[in-house]
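See structure below.
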Amino acid sequence: MQQARRGAASALLRLAAGTVLLALAGGARAQAMTFLIDDFPPFSVDENDRASGPFPEIVLKVCASLKLACELKFHPWRRAQWLAETGRVDGLFVMLRTPAREAQYYFSGPIIQTSYSVFAPRGSALKYQRPDDLRGYTIGVYGPAGTSAAAERVVAQLTPAPQLVLEMDNPTALHKLLAGRYGERGAVIVNTDLCHWILGREHIDDVKWVGEIQKVDYQIALSRKKLSQHQADTFFAALRALIDSGQARAIVEKYGLKPAF
């Protein structure tokens, strides 16, 4: 039975490949696609301009199956979104699907499930279970971004609201937390998997996870300005075939992350 499922998934992948070659390339010759990437470990990692991580690996697998020449480029994220929204590139990852982005992008199904969490100094008594636990705290968070939007929703439930400090990136927030820049009652809100990656890379032992505030799913986004609905559907059909074959799950789990499919 398992062998039959693998065979069916392989057939679907071959069918999707043929469909996309016609839809995207308009003939026998495949068209190149350009994806812009945020350096967002462990989901996508910039290793001297070479993309690694589960998202680049999955996208390149899909492209290879479709015989599409796909280029992955790291780019400042706000500029990358403008380029996609004006049709200058084909797609972006890693993306969080939001109602505001629906008008600009076609979204794949969820690929990786992660979360936003609260982290505090090792000696902190903070344990996060509900927004009220953050009363009186100063909280660092990277923004504007999906993480800061989630943090704003949490602190908005409290009166007076905890002080929220927007930082230029996540490492800055963590280093300021360690240096005591947020005071005795300081914390950060950050993507859980990203934070563990930074703590491991920089050998930081003095920061701990104290609670989760929200689960999130990350996806691939294609430009509505650049591609038609049919082109997006056929690309995502090939992605679905990769998921059904078990290859996408193997890639995600290889990096110690949780598939969202």
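Taken together, the criteria place His175 among residues that are outside any loop (DSSP other than H, G, I, E, B), without any contact (Cβ under 8 Å) to a residue 12 or more places away in the chain and open to solvent by 80 Å² or more (accessible area, probe 1.4 Å). Candidates in the stretch 82-100 are the residues that are modelled with pLDDT under 95 and either part of a loop (DSSP other than H, G, I, E, B) or touching a Leu at 6+ places or on another chain (Cβ under 9 Å) (or both); of these, the one that is most open to solvent (accessible area, probe 1.4 Å) is Arg97. Set side by side, the residues Leu164, Leu126 differ, and just one is modelled with pLDDT of 95 or more, part of a loop (DSSP other than H, G, I, E, B) and crowded, with 17+ Cβ neighbours inside 10 Å, which is Leu126. Regarding Arg78, is this residue surrounded by fewer than 20 Cβ atoms within 10 Å (Cβ to Cβ) and part of a loop (DSSP other than H, G, I, E, B)? No: the conditions fail for Arg78.
Which ones in the stretch 208-243 are among the aliphatic types (A, V, I, L, M) and either part of a helix (DSSP H, G or I) or open to solvent by 20 Å² or more (accessible area, probe 1.4 Å) (or both)?
Filtering the stretch 208-243 for residues among the aliphatic types (A, V, I, L, M) gives 210, 213, 216, 220-222, 227, 232, 237-239, 241-243.
Scanning the stretch 208-243 gives Ile213, Ala232, Ala237, Ala238, Leu239, Ala241, Leu242, Ile243.
Could you tell me how many of the residues in the stretch 49-90 are closer than 24 Å to Glu253 by Cα and not charged (D, E, K, R)? Within the stretch 49-90, residues that are closer than 24 Å to Glu253 by Cα and not charged (D, E, K, R) number 17.
Set side by side, the residues Ser52, Ser44 differ, and just one is within 24 Å of Gln104 (Cα to Cα), under 14 Å from the mean Cα position of the chain (by Cα), among the polar types (S, T, N, Q) and at pLDDT 90 or above, which is Ser44. Is it true that Gln157 is in contact (Cβ under 8 Å) with a residue 24 or more places away in the chain, in contact with a helix residue (DSSP H, G or I) (Cβ under 8 Å, 6 or more places away or on another chain) and open to solvent by 80 Å² or more (accessible area, probe 1.4 Å)? Yes; evaluated as a whole, the condition is true for this residue.
In the stretch 135-144, what residues are surrounded by fewer than 18 Cβ atoms within 10 Å (Cβ to Cβ) and either among the small types (Gly, Ala, Ser) or closer than 20 Å to Pro99 by Cα (or both)?
Within the stretch 135-144, Gly136, Pro144 meet the criteria.
Does Ala260 satisfy being closer than 30 Å to Lys61 by Cα, at pLDDT 95 or above and open to solvent by less than 80 Å² (accessible area, probe 1.4 Å)? It is true that Ala260 is closer than 30 Å to Lys61 by Cα, at pLDDT 95 or above and open to solvent by less than 80 Å² (accessible area, probe 1.4 Å). Looking at Asp132, Asp205, just one residue is over 27 Å from Leu92 (Cα atoms), at pLDDT 95 or above and surrounded by fewer than 16 Cβ atoms within 10 Å (Cβ to Cβ), and that residue is Asp132.
The values are calculated or read from the model by the stated rules, or taken from the named source; none is laboratory data. From a predicted model like this one, the values you see are computed outputs, not experimental measurements. Positions of Cβ are backbone-derived with ideal geometry, glycine not excepted, and every protein chain shown enters the neighbour counts. Heads up: the accessible areas ignore ligands, DNA and RNA and are worked out on the full protein's heavy atoms, side chains in. Shrake-Rupley method; radii C 1.70, N 1.55, O 1.52, S 1.80 Å.
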